[in-house]
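For reference, the structure discussed in these notes is given below.
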Amino acid sequence: MTGFTQHTGLVVPLNTANIDTDAIIPKQFLQKVTRTGFGQHLFHDWRFLDDAGKQPNPDFIMNAPCYQGATILLARENFGCGSSREHAPWALADYGIQVMIAPSFADIFYGNSINNQMIPVRLTDQQIDQLFKFVETTVGATITVDLEAMTVSANGLQYSFEIDEFRRHCLLNGLDNIGLTLQHQAKIADYEANIPSYLA
């Protein structure tokens, strides 16, 4: 995996609280076990007027031409609540979202996002309000997220955010659980080579 250090991207503002994982990726699209192909179903019931996904909903903000290609999602509190399906961050990532900014995230969704090399950034309600004001009144608004400095910058504003140091290390170095294990491959091999035969 490629490490994440800094990202500047187009922002789509989703001004709704308590967006659950069933809204992010409805249950009828969960049959696959690979991580790809879910982006086309992201927010399916909001993005489309029909079950087949052929008729885009013109009133849903992510369908607006000015937000096509957005890589940063701005949302309200408790984003990713509901069931623990890992398909939710898979769908966001497959759609192209790399960073999510909100006052709070559901705990399991937060962890799943980091495990999939996505950056969930928590800011205060006041800071989120300021970002919404900027993004909703500025066509093509971008935000820069710097994981090394742990800052969010936009329109002359800069905010600091916190993230667990271990998780930050994994994101900066592009490490998932398998990658972390492989860092200690030599020690694991040495340990296995020295296991007494009666324990093998």
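The values are calculated or read from the model by the stated rules, or taken from the named source; none is laboratory data. All values derive from a computational prediction rather than experimental measurement. We place every Cβ from the backbone using ideal geometry, glycine too, and count neighbours over all the protein chains shown.
Points worth noting:
- Residue within segment 1-9 that is over 22 Å from Asp51 (Cα atoms), in contact (Cβ under 8 Å) with a residue 60 or more places away in the chain and loosely packed, with under 12 Cβ neighbours inside 10 Å present: yes
- Consider segment 16-30 and keep the residues that are more than 14 Å from the chain's Cα centre (by Cα) and outside any helix (DSSP H, G or I). The one that is modelled with the lowest pLDDT is Leu30.
- Annotation: of all residues in segment 103-130 being in a helix (DSSP H, G or I) and of a type in the set (Gly, Ala, Ser), the one that is farthest from the chain's Cα centre (by Cα) is Gly111.
- When Pro13 is tested against (1) modelled with pLDDT under 95; (2) within 15 Å of the chain's Cα centre (by Cα), only condition (1) is not met.
- Any hit, segment 95-102, residues being over 10 Å from the mean Cα position of the chain (by Cα) and under 16 Å from Val12 (Cα atoms): yes
- In segment 150-171, residue farthest from Cys66 (Cα to Cα) [restricted to those that are in contact (Cβ under 8 Å) with a residue 12 or more places away in the chain and loosely packed, with under 13 Cβ neighbours inside 10 Å]: Glu162
Here is a yes/no grid of residues against (1) under 30 Å from Arg35 (Cβ atoms); (2) of a type outside the set (A, V, I, L, M, F, W, C); (3) free of Cβ contacts under 8 Å to residues at least 40 places away in the same chain:
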residue	(1), (2), (3)
Asp107	yes, yes, yes
Tyr110	yes, yes, yes
Gln117	yes, yes, no
Thr124	no, yes, yes
Gly140	yes, yes, no
Val145	yes, no, no
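- Residue within segment 48-65 that is out of contact with any Cys (no Cβ under 6 Å at 6 or more places or on another chain), buried (at least 20 other Cβ atoms within 10 Å of the Cβ) and not in a loop (DSSP other than H, G, I, E, B) present: no
- Residue satisfying condition, being without any contact (Cβ under 8 Å) to a residue 24 or more places away in the chain, within 19 Å of Phe109 (Cβ to Cβ), surrounded by 16 or more Cβ atoms within 10 Å (Cβ to Cβ) and in contact with a helix residue (DSSP H, G or I) (Cβ under 7 Å, 6 or more places away or on another chain), within set Phe29, Phe43: Phe43
- Residues of segment 76-98 that turn out to be touching a Gly at 6+ places or on another chain (Cβ under 9 Å), surrounded by 24 or more Cβ atoms within 10 Å (Cβ to Cβ) and either without any contact (Cβ under 8 Å) to a residue 60 or more places away in the chain or outside any helix (DSSP H, G or I) (or both), as a count: 1
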